[in-house]
1. For the chain, what is the charge dipole size about the Cα centre, in debye to the nearest 20, if Lys and Arg each add +1 at the Cβ and Asp and Glu each add -1 at the Cβ?
2. Can you give me the convex hull volume of the Cα atoms of segment 2-109, divided per residue and expressed in Å³?
3. Round to the nearest 10 and give me the degree value, 0 to 90, for the angle of helix 35-46's Cα axis relative to the longest principal axis of the chain.
4. Connecting C-alpha atoms closer than 10 Å in a GNM of the chain, tell me which of ALA131, ALA121, ALA271 has the biggest fluctuation.
5. Using a Cα-Cα cut-off of under 27 Å, which lysines could be cross-linked to LYS146, ignoring same-chain neighbours fewer than 8 residues away?
6. How would you rank LYS41, LYS87, going from fewest to most other Cβ atoms within 10 Å of each one's own Cβ?
7. What residue among LEU74, LEU35, VAL21 has its Cα farthest toward the positive end of the dipole of segment 2-109, where the charges are +1 on Lys, Arg and -1 on Asp, Glu, each on the Cβ?
8. So what's the net charge close to GLN252: Lys and Arg +1, Asp and Glu -1, counting the other residues with Cβ under 12 Å from its Cβ?
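Throughout, read-outs are computed from the coordinates displayed, never taken from laboratory work. For clarity, every value in this text was computed on a predicted model and none was experimentally measured. Neighbour counts run over all protein chains shown; Cβ positions are idealised from the backbone, glycine included.
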Amino acid sequence: MEGLLLRLSSLDADAENAVRVIGFFDRLIATRASLDTIVSKARALAECPLGVSSSARGLQVGGPIPAHATRRELEDGTVVWLARDGKPLPLDEMVLERFSIAVALSLELSRVPLPALGDPALVELVLSDSAGEAERSRALHLLGLKPTTPLRVLAVRGTPTGLSAALGSLHAVLAPNEIPDQDGEVGISAQVPAINAPAAWAEARTVLRFTSQACPVGHADELGSQIALASLSREHIATLPDVIALDGLDPQLLTVLTALVRTNSNRKAAAAVHRHHSTIPARIAQAEPALGFPIDTPSGRFRLQLALILRHLRDN
């Protein structure tokens, strides 16, 4: 290889670069790099999107194939592609050629199928941050899903229903169609392509922190920007004056205030805590001096709601 490099370097600088490309992919092949590694390193070399797609294998690495991508098809129908915006570079064809060879050899080495995993193990693989994109797409394929299939991920504290797996103290549920009813508290992610399931699982667990026995189901779509509050540490929340003030209230009074914020109505709050509605103004008057701000104004009601949410997040 070094002799070839010297001869080509004396002829043409582009030829030298071509040999460097060949050597780059030869090293990946020699070290038996995984398909995810090959795609990642080739993308860095090309400095543009690049990937692999095979419907027969249930494989998609690098995302869907862009319409303007340059493609090569392997013998088994697997497509490798490179998508550069603007004018192609002189070495793009060389990169795609050597990339296709490395992919073909990698797929040949990984022809042994995944072990006969049951649905829970496949769900766990789909949600794993440590799994590569190729491994995740194959697991999705075995579950009858495509990498682009829209789905939501549910974090369930209770008994799950549907395509699920136990992960720690929670259950994860994949919901590609309708969201199945669950028994217990549930955090529901926003809808994402199935290949992005790990991020959706993290979001579902965050949403679950906002749920309670009174409001057992939380939706990321409905929380909106409130979900950003979960990024605050529990230690920091515990130092906030409004949260400390809530901690000092009588538990029954705290229950009344929670119902008031949730219903935004004295009568409905009273019904929720089984009290007469005429008692609510007195309870508000009792709470305001301890909190240090009025409750019966729009800004005061918002401040109370925010403090209650933060206190709940500290404890969940």
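1. On the way: 30 positive and 34 negative charges, 157 e Å.
Using only the charged Cβ atoms, the result is roughly 760 debye.
2. Working: hull volume 10.9 nm³, N = 108.
Convex hull volume per residue, Cα atoms: 101 Å³.
3. Helix 35-46 sits roughly 80 degrees off the main axis of the chain.
4. Between ALA131, ALA121, ALA271, it is ALA271 that shows the largest mean-square fluctuation.
5. LYS41
6. Working: LYS41 17, LYS87 6.
In order of increasing Cβ crowding within 10 Å: LYS87, LYS41.
7. After comparing all options, I get LEU35.
8. Net charge around GLN252: +1.
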